[in-house]
Every structure is written in structure tokens, then in C-alpha cells.
Ligand code: MD6
Ligand code: FE
């Protein structure tokens, strides 16, 4: 027996024993778990609303003086910031003078499980950056390199309107591939691709039943 028959039987066995659903490798160390956050979507969105009530979404300024089109807030022990002084993590929200709201238990559990399942056991995020896109908002190619230890992965959860994610390489000039990320999709990435460049193309207008004209993205990090 060989070829398609074998492939079919292996696929069937995999779906018998794999309770975790579909997963797709994007690069070495980067895995897309399609729809994995769907059962928690309502919980996550309610938590985002509660966080934003205490630490409002705001469009931050880059060190070069540009206002980002993506609105951001944070929860956890540390929050990611950018202003004229640079990029960094800080325990305090500069807009309120208060600590960032605590990380909801659902964020922590989801990140732990997704990371463990993709080979990163013991991941305990201490920071979550929450991005909010409206139609037209985009995120240019960047690396996430403000965390203390690149040995930890980042777990990314997408909610609401779909987006086109660009996943490049170590060099900014590496031609990025395009990956569609929709409601409930999780990407876990670390290892050899932890410092790969990535970005999000301008959000297409639309109306999502759970988020209206918005896309949200959570990136859970072990930043400190
Ligand atoms: C976004 N995500 O999906 C932007 N960074 O809105 C990121 O910039 C990102 O998804 C590091 C790791 C995973 C990510
Ligand atoms: Fe990033």
C-alpha cells in the first residue's frame, strides 16, 4: 500500500488521535492553529472590553514621530509602549498613571495550552499587547525584539474581521508570505523564527458579527 491510500489512512488515524484539530506549520517554530480560540471568543472579547474600560485603546507614536494606525492597550505585569523616546515595556500605563489591568485567567490558560501543544511547555506570559484595527489600519513589517529572552515564544490570537498577515524572514528584505488570519485563529511562534519580520496589510472593510468593523489581536508574551 502506498500513495494516496496510505496518506488517507494516516490522515484518518491522525484525526482519530489528534483532539487538537488542524495545525499548519508556517516556518520552523511557527504554527497556525486554525479556529483554536473560537470556543473562547466571547469570553476573550468581554475581557478586552473590561481591560479597555481601565486602559483605553490609544494610537501610539513611533520614535520617528508617526502616529500608528493600530490602536493599542495592554494587560499583565508589563505593557508594550512606543513614544518619541523609543519602544519598551513598562508596568505603568502612561495615559492613566496606573498599572496595566491584570491578565485575565482565560488569556493565560489559552496561551499556555496553545504553547504546550506546539512544543513550548511551561510558557507563562506576563504581558499581553492588544491591537485594535479599523478598516485601513495596518502594521508595517517589524520584529518583536523588546522582550528580555527570545527563547520564549509569542502566542497570537486573532478575533473579528479577517486580516492578511505577512510572514517574512530574518532579513527585512526577505519576501514575506501572506497568511489569512481570521476569527479564532492562533499562531504560536518561537524557536528559529522568533525574530522573523512580520506585519499586517491594511484591514479590509467589513462587518463581523462579534466585533463589527474591527479586528483585535492579542499577543501574549513573556516579556520580563
Ligand atoms: C497582529 N501581530 O496580528 C500583529 N508579533 O495584529 C504581531 O505583530 C505579532 O502576531 C509577534 C508575534 C505574533 C504576532
Ligand atoms: Fe509583532
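The values are calculated or read from the model by the stated rules, or taken from the named source; none is laboratory data. Please read all numbers here as calculations on a predicted model, not as lab measurements. Note that each Cβ is placed from the backbone with ideal geometry, even for glycine, and that neighbours are counted across all protein chains shown.
Would you check if there is a residue in segment 193-203 being within 23 Å of residue 76 (Cα to Cα) and either at pLDDT 95 or above or crowded, with 20+ Cβ neighbours inside 10 Å (or both)?
Initial filter on segment 193-203 (within 23 Å of residue 76 (Cα to Cα)): 194-195.
Those still in the list that are either at pLDDT 95 or above or crowded, with 20+ Cβ neighbours inside 10 Å (or both) too: 194-195.
Taking every residue of segment 193-203 in turn, at least one turns out to be within 23 Å of residue 76 (Cα to Cα) and either at pLDDT 95 or above or crowded, with 20+ Cβ neighbours inside 10 Å (or both).
Give me the residue from segment 146-161 that is more than 24 Å from residue 45 (Cβ to Cβ) and more than 10 Å from ligand 1 (Cβ to nearest atom) and, out of that set, surrounded by the fewest Cβ atoms within 10 Å (Cβ to Cβ).
Among them, the one singled out is 149.
Would you mention how many residues in segment 106-139 are assigned to a strand (DSSP E or B) and surrounded by fewer than 16 Cβ atoms within 10 Å (Cβ to Cβ)?
Looking only at that region, the number is 0.
Anything in segment 163-204 that is more than 14 Å from ligand 2 (Cβ to nearest atom) and either free of Cβ contacts under 8 Å to residues at least 24 places away in the same chain or assigned to a strand (DSSP E or B) (or both)? List them, or say none.
If the condition is that a residue be more than 14 Å from ligand 2 (Cβ to nearest atom) and either free of Cβ contacts under 8 Å to residues at least 24 places away in the same chain or assigned to a strand (DSSP E or B) (or both), then 164, 173, 174, 175, 177, 178, 180, 186 are the ones that fit.
In segment 154-168, is there at least one residue being more than 17 Å from residue 34 (Cα to Cα) and over 14 Å from the mean Cα position of the chain (by Cα)?
yes
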